[in-house]
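Right, one structure below, let's go through it.
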Amino acid sequence: MTQSTVILVLVIVTALGFDFTNGFHDTANAMATSIATGALRPKMAVALSGFLNLVGAFLSVEVALTVTNAVVKLQTSNGTPKESLTADGGVALLLIILAGLVGGIVWNLLTWLLGLPSSSSHALFGGLIGATVAGLGWAGVNWNGNGTKLDGVVGKVILPAIMSPVVAGIVAAVGTWLIYRAVIGVAQKYTDNGFRWGQIGSASLVSLAHGTNDAQKTMGVITLALIASGHWTDTKNIPFWVKVCCALAIALGTYLGGWRIIRTPGKGLVEISPPQGMAAESASAAVILASSHLGFALSTTHVATGSILGSGVGRPGAQVRWRVAGRMVSAWLITLPAAGIVGAIMWYIGDALGGVAGAIVIFVLLLAAAGYMYLRSRQAPVGHHNVNDEWDESTAPVERVPAGTGN
Amino acid sequence: MGNNLQFSFEAIWKVLLAGLILGAGLPLLFALGVRSLAWGAGGEAEVHADGTTGPKPQPIGTVLGWLLFAVVLAGIALGITFIVASGFGKQLSFEHIFPTIVDKH
């Protein structure tokens, strides 16, 4: 095996690892509300979501090869890697991708450990941006696009991140308010059963859309690595085995269920009732689908969280824990730079050691970080058995009511 | 930055509009469907004073309820068609009011 083949294998394994973390990090987006309201049993919910992610990933046959072009300048506009990066069997490009993926995974695992639903796409883009800045300098990043369409870090990442949760929140708030108005006078037992089905349907749609949107990012990254190392030349298609592997990785990740994260939006943010759950998931599904139709890139996590918050605002008398929301928003703000810093550090380490040795060392560092965070998570495990336990104010820094004022 | 900001606002208004129609409108129809079914079922399905038997069943409510559910299902079918179509390089066109599947330009 040549140098670049060894690194390529590491890149593929790491990319699939990222896809896997992407899966369990985002189970909450579709299923947190259904699990919290008891519309679906926790195990059933993650199985359904995993299956729909698998189906969704196969439906995304659209070429996603240029996915990195939104934020970094590694590729030409038709998807082939820049020639300056493919000399030496593509080692330069592979190292940037590997370091970027490691940055994304490490941040995804850390936020999972803390139970924070941060954006997986921001983690991936952040890692890639950091590794690119380290490898190619600031000019290697596509900050603003060329002004003819929505593009660049600002247009594809930052502006959508600010706008999409607000829009989703408005839609969910309006939906929740309308639903509660519409069913005044109907017995609660009766409405809960009806909205149970509404929730399952809308959450399924979110899962399907998630599979099509997120799996293809990893497919694009792996195919880019294959082209860079000379193992694939077709820029119009993605190798079938890449599609299968990515679909399975994201589905398995989803099925594993990021219980630590599911708990936060499901129980911590708002105490969700079935009508709110349906309103939130419908808003998420509509906003995600409408945005991808208009080429407005967004993160499912931001939309789902905005929707759940909106469903709390739209229900008269509902309690929204703004402290929890604040913690989430701060996690969103630092996701991009934090993943970027990890990506950059990994690139410097990999580059200093050079070639295969450098790639292996950063891969081992990733394994060590992942292992450490897994062990830490076992100290206070969250699983399908306790995901719906009452939100405990002492373990989670949620809004505290001053003594004596009551609640 | 300026251009991106402008493009974002152009896109986000459409997202908000589509979101309100599909993401809040369809759930409203669904809720009205639940409401109609309860009206159709009468009795325990509707809030009524303790000790009384509750309102009389209204069969028309059941019909209306299922009609509303059918509209919601059609909306969801449209959503799934959209996902599948865009995956295969097609897109939904509303040029003729009713949706048709066309090649992406």
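The values are calculated or read from the model by the stated rules, or taken from the named source; none is laboratory data. Values in this document were obtained by computation on a predicted structure and should not be read as measured data. Neighbour counts run over all protein chains shown; Cβ positions are idealised from the backbone, glycine included. Just the protein is used for accessible areas: all its heavy atoms, side chains included, with ligands, DNA and RNA removed. Shrake-Rupley method; radii C 1.70, N 1.55, O 1.52, S 1.80 Å.
For residue A:157, are the conditions met, namely being within 14 Å of chain B (Cβ to nearest Cβ), within 17 Å of the chain's Cα centre (by Cα) and either under 30 Å from residue A:380 (Cβ atoms) or touching a residue at least 24 places away in the same chain (Cβ under 8 Å) (or both)? So that I can check it myself, show each step before the final result.
Values: within 14 Å of chain B (Cβ to nearest Cβ): yes; within 17 Å of the chain's Cα centre (by Cα): yes; either under 30 Å from residue A:380 (Cβ atoms) or touching a residue at least 24 places away in the same chain (Cβ under 8 Å) (or both): yes.
When the stated conditions are applied, residue A:157 passes them.
For the stretch A:63-150, which fully contained helices (runs of 4 or more DSSP H) count at least 3 residues that are at pLDDT 90 or above and touching a helix residue (DSSP H, G or I) at 6+ places or on another chain (Cβ under 7 Å)?
On the way: elements: A:83-86, A:91-113, A:120-136.
It comes to A:91-113, A:120-136.
Condition (residue is farther than 24 Å from residue A:112 by Cα and within 14 Å of another protein chain (Cβ to nearest Cβ)) applied to the stretch A:298-309: is it met by at least one residue?
Taking the stretch A:298-309 and keeping what is farther than 24 Å from residue A:112 by Cα, we get none.
No, because not a single residue in the stretch A:298-309 is farther than 24 Å from residue A:112 by Cα and within 14 Å of another protein chain (Cβ to nearest Cβ).
Test residue A:175 against the criterion of being at the interface with another protein chain (Cβ under 7 Å from one of its Cβ atoms) and buried (at least 21 other Cβ atoms within 10 Å of the Cβ), and give yes or no.
The answer is yes for residue A:175.
Going through the stretch A:235-278 one residue at a time, which ones are of a type in the set (A, V, I, L, M, F, W, C), outside any helix (DSSP H, G or I) and within 30 Å of residue A:183 (Cα to Cα)? Don't jump to the end; show me each part of the working.
Taking the stretch A:235-278 and keeping what is of a type in the set (A, V, I, L, M, F, W, C), we get A:238, A:240-242, A:244-252, A:256, A:259, A:261-262, A:269-270, A:272, A:278.
Still in the list and also outside any helix (DSSP H, G or I): A:238, A:270, A:272.
Residues satisfying the conditions are A:270, A:272.
Going residue by residue through the stretch A:255-262, is there one that turns out to be aromatic (Phe, Trp, Tyr), closer than 30 Å to residue B:79 by Cβ, more than 14 Å from every other protein chain (Cβ to nearest Cβ) and open to solvent by less than 30 Å² (accessible area, probe 1.4 Å)? Give the derivation first.
Here is the first cut: in the stretch A:255-262, the ones aromatic (Phe, Trp, Tyr) are A:255, A:259.
Imposing the further condition that a residue be closer than 30 Å to residue B:79 by Cβ reduces the set to A:255, A:259.
Now restrict to residues that are more than 14 Å from every other protein chain (Cβ to nearest Cβ): A:255, A:259.
The next check asks that each one be open to solvent by less than 30 Å² (accessible area, probe 1.4 Å); those that pass are A:259.
Yes, the stretch A:255-262 contains at least one residue that is aromatic (Phe, Trp, Tyr), closer than 30 Å to residue B:79 by Cβ, more than 14 Å from every other protein chain (Cβ to nearest Cβ) and open to solvent by less than 30 Å² (accessible area, probe 1.4 Å).
Can you tell me which residue in the stretch B:1-21 is surrounded by the most Cβ atoms within 10 Å (Cβ to Cβ), limited to those that are of a type in the set (A, V, I, L, M), within 24 Å of residue A:281 (Cα to Cα) and facing another protein chain (nearest Cβ under 7 Å)? Full working, then the answer.
Within the stretch B:1-21, the subset of a type in the set (A, V, I, L, M) is B:1, B:5, B:11-12, B:15-18, B:20-21.
If we keep only those that are within 24 Å of residue A:281 (Cα to Cα) as well, we get B:11-12, B:15-18, B:20-21.
Checking which are facing another protein chain (nearest Cβ under 7 Å) leaves us with B:11-12, B:15-16, B:18, B:20.
Numbers: B:11: 22, B:12: 23, B:15: 29, B:16: 19, B:18: 20, B:20: 19.
Of everything passing the filter in the stretch B:1-21, B:15 is surrounded by the most Cβ atoms within 10 Å (Cβ to Cβ).
Here are A:102, A:106, A:91: which of them is over 20 Å from the mean Cα position of the chain (by Cα) and either on the phi < 0 side of the Ramachandran plot or surrounded by 24 or more Cβ atoms within 10 Å (Cβ to Cβ) (or both)?
On the way: A:102 fails: over 20 Å from the mean Cα position of the chain (by Cα); A:106 fails: over 20 Å from the mean Cα position of the chain (by Cα).
Just a single option satisfies the conditions, and that option is A:91.
What about residue B:55, is it modelled with pLDDT of 75 or more, surrounded by fewer than 14 Cβ atoms within 10 Å (Cβ to Cβ) and over 30 Å from residue A:286 (Cα atoms)?
no
Among the numbered conditions (1) within 18 Å of the chain's Cα centre (by Cα); (2) open to solvent by less than 20 Å² (accessible area, probe 1.4 Å), tell me where residue A:224 comes up short.
(1)
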